[in-house]
Amino acid sequence: MNHHLHYNYHQRMAFAALFLLLLPFFFPNRFGPLGRASPSMFSEWNAPKPRHLPFIMGALHRQFSIKQQYDLWSPLANQGWKSCVQITKTPYLPKIPQGYIQVFLDGGLNQQRMGICDAVAVAKILNAILVIPHLEVNPVWQDSSSFTDIFDLDHFIFTLRDEISIVKEVPNEYSWSSREYYATGIRATRIKTAPVHASANWYLENVLPVLQSYGIVAIAPFSHRLAFDNLPTDIQHLRCKVNFQALVFVPHIRALGDTIVHRLRHSPDKLQASDSEFLHKRMDDSDRAGAGKFVVLHLRFDKDMAAHSACDFGGGKAEKLALAKYRQVLWQGRVLNSQFSDEELRNQGRCPLTPEEIGLLLAALGFNNGTRLYLASHKVYGGKARIVTLQKLFPLLEDKKSIASAEELAMVEGKASLLSAVDYYVSMQSDIFISASPGNMHNALVGHRAYMNLKTIRPNMVLLGKVFLNKSMEWSKFQQAVLDGHKNRQGLIRLRKPKQSIYTYPAPDCMCQA
């Protein structure tokens with residue numbers, strides 16, 4: 001009998017252990033940081049230990065002078081540049097357009113945004129009527145949101161009314177020209193061969209004849225299919241006008257964004273008891289410099305990024321195997337960086353910053369533990385374990401799910417493009433924006449904030465890669481290296497060089513010297 005009870009006890013314990021192990025998979029939101037979804041099993045259960053412990057200890061006791069705090073939070077001075085997209089010759093609409101142009105845009109929200117700007121420019125070059133661009137379902141995020149789900153269509157059409165004609169859908173006589181029609185065979189009205197960064201002349205020579213013959217043309221794929229150089233000034237101005245004036249988010253996204261911004265600026269602090277020790281001091285003068293202000297951190301540290309970089313992030317053998325397997329499935333192992341060692345990649349500044357590293361960067365720049373930090377990101381690879389250090393350094397860390405209710409998020413929940421749009425909107429309202437790694441959202445916001453003369457910190461990836469490799473460096477030396485290496489990386493206007501994007505570098509194409 002006792003043997004039977006002993007067996008039942010062990011069986012119950014085994015079931016309990018299994019249940020605990022599986023809990024995060026059945027209830028991922030309960031186990032994610034700030035309500036984010038659970039990451040892969042490998043990274044969750046082989047949680048990396050802090051990699052820069054001496055820096056963390058220094059950062060937890062960091063102090064800055066009142067002057068440093070005011071300098072950090074002060075807005076950018078006037079740099080002598082202003083918007084000039086309106087200063088064009090009197091626009092007019094040609095009486096007889098050549099036909100209708102359709103484009104199919106892939107990628108995430110910000111890649112599609114740039115594609116929309118290019119589509120308007122190509123329609124102008126060809127004297128065509130633009131059909132509202134079709135947004136493809138992103139294979140990674142599986143989001144089927146349409147143009148009208150994200151952007152305010154009436155505002156878009158009204159803002160561009162003097163530049164081009166825009167229609168919501170093709171007329172009945174062209175109803176056959178659909179996404180499905182082009183997916184099932186080679187079609188004379190589809191242009192598949194548009195080169196990346198094609199010139200205006202390429203469109204006039206290769207697309208205009210099709211438009212004139214059939215009255216309609218579809219260009220797919222279309223992303224990055226218009227050059228940044230050697231275009232007429234009015235076409236460049238038009239792209240700027242679309243990006244910075246015509247594309248605004250739908251009202252419910254703006255309303256949610258305004259709610260989040262208001263709470264970041266005015267909400268009482270929401271701290272766990274365990275965090276209170278970090279804020280035990282009363283607000284002094286250095287805290288007041290940042291009172292009512294907030295930083296947006298675009299923490300671009302998802303599984304795709306980690307796998308594609310081929311860097312080591314401290315999760316041990318299990319993480320390396322998980323990322324290698326994921327890399328093989330997604331890109332058949334074709335990752336250029338994988339031929340270099342982790343140390344070589346870090347010395348070249350080619351490794352994404354981990355949440356721990358970006359937290360140390362922010363601490364070294366002068367942000368204190370009373371800083372309100374808003375996290376703009378999708379899933380964080382490694383989950384809660386990955387952002388523990390960041391939360392220790394910045395207890396007032398928030399994201400959409402921690403600062404807004406489930407009811408308020410209902411219209412955007414589960415839709416990657418709409419969630420990204422909310423983050424973009426909040427990022428444009430922030431006092432300071434910083435991105436952990438370059439990418440489409442980083443590039444779009446760097447350009448948009450430069451256009452508005454807003455402070456944006458660009459991490460010096462080469463410098464950081466090297467200092468994080470130096471295990472003997474003291475906090476004070478690290479802090480000084482960071483300050484010196486970021487003096488000229490806080491929003492100074494950088495003129496666009498040949499082949500660079502006007503969406504990232506709006507001067508001089510979209511701006512004039514005041």
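The values are calculated or read from the model by the stated rules, or taken from the named source; none is laboratory data. Values in this document were obtained by computation on a predicted structure and should not be read as measured data. Cβ sites come from the backbone with ideal geometry, for glycine too, and all protein chains shown count toward neighbours. For accessibility, only protein heavy atoms count, side chains too; no ligands or nucleic acids. Shrake-Rupley method; radii C 1.70, N 1.55, O 1.52, S 1.80 Å.
If the requirement is being in contact (Cβ under 8 Å) with a residue 12 or more places away in the chain and among the acidic types (Asp, Glu), which of these qualifies: Glu344, Glu357?
Details: Glu344 fails: in contact (Cβ under 8 Å) with a residue 12 or more places away in the chain.
Selected residue: Glu357, the only one of Glu344, Glu357 that is in contact (Cβ under 8 Å) with a residue 12 or more places away in the chain and among the acidic types (Asp, Glu).
Right, Gly491: part of a loop (DSSP other than H, G, I, E, B), among the small types (Gly, Ala, Ser), touching a residue at least 12 places away in the same chain (Cβ under 8 Å) and over 26 Å from Tyr326 (Cα atoms) or not? Explain how you work it out, then say what you get.
Numbers: part of a loop (DSSP other than H, G, I, E, B): yes; among the small types (Gly, Ala, Ser): yes; touching a residue at least 12 places away in the same chain (Cβ under 8 Å): yes; over 26 Å from Tyr326 (Cα atoms): yes.
Yes, satisfied.
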Unmet criterion (only one of (1) open to solvent by 60 Å² or more (accessible area, probe 1.4 Å); (2) closer than 25 Å to Pro508 by Cβ; (3) touching a helix residue (DSSP H, G or I) at 6+ places or on another chain (Cβ under 9 Å)) for Thr193: (2)
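Would you point out the residue of the stretch 231-249, among those that are polar (S, T, N, Q) and farther than 20 Å from Leu109 by Cα, that is least open to solvent (accessible area, probe 1.4 Å)? Give the derivation first.
Of the stretch 231-249, the ones polar (S, T, N, Q) are 233, 236, 243, 245.
Narrowing further to those that are farther than 20 Å from Leu109 by Cα: 233, 236.
Values: Thr233: 93, Gln236: 10 Å².
Selected residue: Gln236.
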Quick check on the stretch 168-179: of everything there that is at pLDDT 95 or above and in a helix (DSSP H, G or I), which residue is surrounded by the most Cβ atoms within 10 Å (Cβ to Cβ)? Tyr174
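Taking the conditions exactly as written (closer than 19 Å to Asp106 by Cβ, open to solvent by 20 Å² or more (accessible area, probe 1.4 Å) and not in a loop (DSSP other than H, G, I, E, B)), does Glu205 satisfy them or not?
Values: closer than 19 Å to Asp106 by Cβ: no; open to solvent by 20 Å² or more (accessible area, probe 1.4 Å): yes; not in a loop (DSSP other than H, G, I, E, B): yes.
Answer is no for this residue.
Here's the yes/no breakdown for (1) within 21 Å of Tyr503 (Cβ to Cβ); (2) in contact with a helix residue (DSSP H, G or I) (Cβ under 9 Å, 6 or more places away or on another chain); (3) of a type outside the set (Lys, Arg):
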{"site": "His61", "(1), (2), (3)": "no, yes, yes"}
{"site": "Cys84", "(1), (2), (3)": "yes, yes, yes"}
{"site": "Lys95", "(1), (2), (3)": "no, no, no"}
{"site": "Gly108", "(1), (2), (3)": "yes, yes, yes"}
{"site": "Gln111", "(1), (2), (3)": "yes, yes, yes"}
{"site": "Thr148", "(1), (2), (3)": "no, no, yes"}
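Determine if the stretch 467-476 includes at least one residue that is in contact with a Leu (Cβ under 7 Å, 6 or more places away or on another chain) and either under 29 Å from His308 (Cα atoms) or of a type in the set (Lys, Arg) (or both). Spell out the reasoning first.
Of all residues in the stretch 467-476, those in contact with a Leu (Cβ under 7 Å, 6 or more places away or on another chain) come to none.
Within the stretch 467-476, not a single residue is in contact with a Leu (Cβ under 7 Å, 6 or more places away or on another chain) and either under 29 Å from His308 (Cα atoms) or of a type in the set (Lys, Arg) (or both).
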Between a residue in the stretch 469-480 that is open to solvent by 70 Å² or more (accessible area, probe 1.4 Å) and any residue that is assigned to a loop (DSSP other than H, G, I, E, B), which pairs come within a Cβ distance under 9 Å, given they are 6 or more apart or on different chains? Lys471/His52; Lys477/Asn470
Flag if Arg254 is open to solvent by 10 Å² or more (accessible area, probe 1.4 Å), within 26 Å of Arg161 (Cα to Cα) and of a type in the set (Lys, Arg): yes
Working only within the stretch 416-464, note down all residues that are assigned to a loop (DSSP other than H, G, I, E, B), within 15 Å of the chain's Cα centre (by Cα) and within 18 Å of Val248 (Cα to Cα). Ser430
Scan (1) open to solvent by 10 Å² or more (accessible area, probe 1.4 Å); (2) at pLDDT 95 or above for the single condition Glu413 breaks and write down its number. (2)
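Conditions (1) open to solvent by 30 Å² or more (accessible area, probe 1.4 Å); (2) in a helix (DSSP H, G or I); (3) hydrophobic (A, V, I, L, M, F, W, C), marked per residue:
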{"site": "Leu321", "(1), (2), (3)": "yes, yes, yes"}
{"site": "Lys325", "(1), (2), (3)": "yes, yes, no"}
{"site": "Glu343", "(1), (2), (3)": "yes, yes, no"}
{"site": "Gly349", "(1), (2), (3)": "no, no, no"}
{"site": "Leu353", "(1), (2), (3)": "no, no, yes"}
{"site": "Ile358", "(1), (2), (3)": "no, yes, yes"}
{"site": "Leu373", "(1), (2), (3)": "no, no, yes"}
{"site": "Thr389", "(1), (2), (3)": "no, yes, no"}
{"site": "Pro395", "(1), (2), (3)": "no, no, no"}
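Going through the stretch 114-167 one residue at a time, which ones are small (Gly, Ala, Ser), open to solvent by less than 20 Å² (accessible area, probe 1.4 Å) and more than 20 Å from Ala416 (Cβ to Cβ)?
Restricting attention to the stretch 114-167, the residues satisfying the condition of being small (Gly, Ala, Ser) are 115, 119, 121, 123, 128, 144-146, 165.
Remaining after also requiring open to solvent by less than 20 Å² (accessible area, probe 1.4 Å): 115, 119, 121, 123, 128, 145.
Residues satisfying the conditions are Ala119, Ala121, Ala123, Ala128.
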What's the number of the only condition in (1) out of contact with any Cys (no Cβ under 9 Å at 6 or more places or on another chain); (2) under 25 Å from Tyr503 (Cβ atoms); (3) surrounded by 12 or more Cβ atoms within 10 Å (Cβ to Cβ) that Leu226 fails to meet? (1)
